[in-house]
1. With a sphere of radius 13 Å drawn around the Cβ of residue 74, what net charge do the other residues whose Cβ falls strictly inside it have (Lys, Arg +1; Asp, Glu -1)?
2. If we sort 49-61, 68-80 on the protection proxy, mean other Cβ atoms within 10 Å, highest first, what's the order?
3. Determine the relative contact order of segment 66-182: mean sequence separation of Cα pairs under 8 Å and six or more apart, normalised by residue count, in whole percent.
4. So for segment 1-128: antiparallel DSSP bridges make up what percent, rounded to the nearest 5?
5. Span-like helices, the chain: DSSP H, alpha-carbon axial extent 24 Å or more, mean Kyte-Doolittle -1.0 or greater, which ones?
6. Once you list every other residue whose beta carbon is under 10 Å from the beta carbon of residue 49, what net charge do they have if Lys and Arg are +1 and Asp and Glu are -1?
7. Considering the Cα positions of segment 119-182, please state its Rg to one decimal place and its Dmax as a whole number of Å.
8. Nearest 20 debye, what's the magnitude of the dipole of segment 1-150 about its Cα centre given +1 on Lys and Arg Cβ and -1 on Asp and Glu Cβ?
Amino acid sequence: MTPKKVFFTKGVGLHKDKLASFEAALRHAGIEKQNLVYVSSILPPLCKTLTKAQGVKLLAPGQITFCVMARSETSEPNRLVSAAIGLAVPKDKEAYGYLSEHHAHGETGKASGEYAEDLAATMLATTLGIPFDPEEAWDTRKQVYRASGHIFNTKNICQSAEGHKSGNLWTTVISAAVFIME
């Protein structure tokens with residue numbers, strides 16, 4: 001049961017009920033018809049990245065679907081929430097990579113996305129034995145990781161939103177790496 005493909009998606013939902021807000025976020029992300037099973041953070045070797053449109057076409061309603069998901073919600077007026085997935089892919093396509101999830105309050109989408117990307121890259125770097133200074137800024141460490149010749153690519157996907165101004169609605173944000181089990 002090793003996934004051969006993955007795609008990334010994100011969504012935001014608003015509703016008076018917390019669960020319905022989550023459902024709306026899933027709909028916005030295009031994965032509301034799946035029975036989602038959360039898994040941890042390993043990107044399998046040789047796993048091909050698809051676009052969201054390509055990936056959604058391969059899903060069937062009711063299908064058990066594995067994913068790495070970040071989720072954050074609030075009912076506080078104007079409260080900033082974000083959910084991000086980070087990805088780090090090794091140069092050696094036959095080696096595994098890392099996915100990370102980050103859920104935040106009061107953090108911009110850019111900051112949340114970069115944190116998730118940094119986390120995935122750092123997890124991969126430690127398994128590859130790449131020396132780095134954890135106190136260095138992410139941009140500096142990103143260059144060190146790439147210069148090592150072991151890490152090929154890093155990226156992130158993030159959804160952020162402010163809580164509804166009235167405070168009468170729940171705001172939910174999600175980001176997900178969705179696996180295809182062909």
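Bear in mind that the values in this text are calculations on the coordinates, not laboratory data. All figures in this text were calculated on a predicted structure; none of them were measured in a lab. Cβ placement follows ideal geometry from the backbone for every residue including glycine, while neighbour counts extend to all protein chains displayed.
1. Values: positive: 18, 71, 79, 165; negative: 73, 76, 107, 162.
Summing Lys and Arg as +1 and Asp and Glu as -1 gives 0.
2. Working: 49-61: 13.8, 68-80: 19.5.
Packing proxy ranking, top to bottom: 68-80, 49-61.
3. Contact order relative to length: 42 percent.
4. Values: 10 of 17 bridges.
Bridges in segment 1-128 are about 60 percent antiparallel.
5. Membrane-span-like by this criterion, though nothing is claimed about a membrane: 109-128.
6. Working: positive: 5, 48, 155; negative: none.
With Lys, Arg at +1 and Asp, Glu at -1, the neighbours total +3.
7. 17.4, 51
8. Numbers: 18 positive and 16 negative charges, 161 e Å.
The dipole magnitude comes to about 780 debye.
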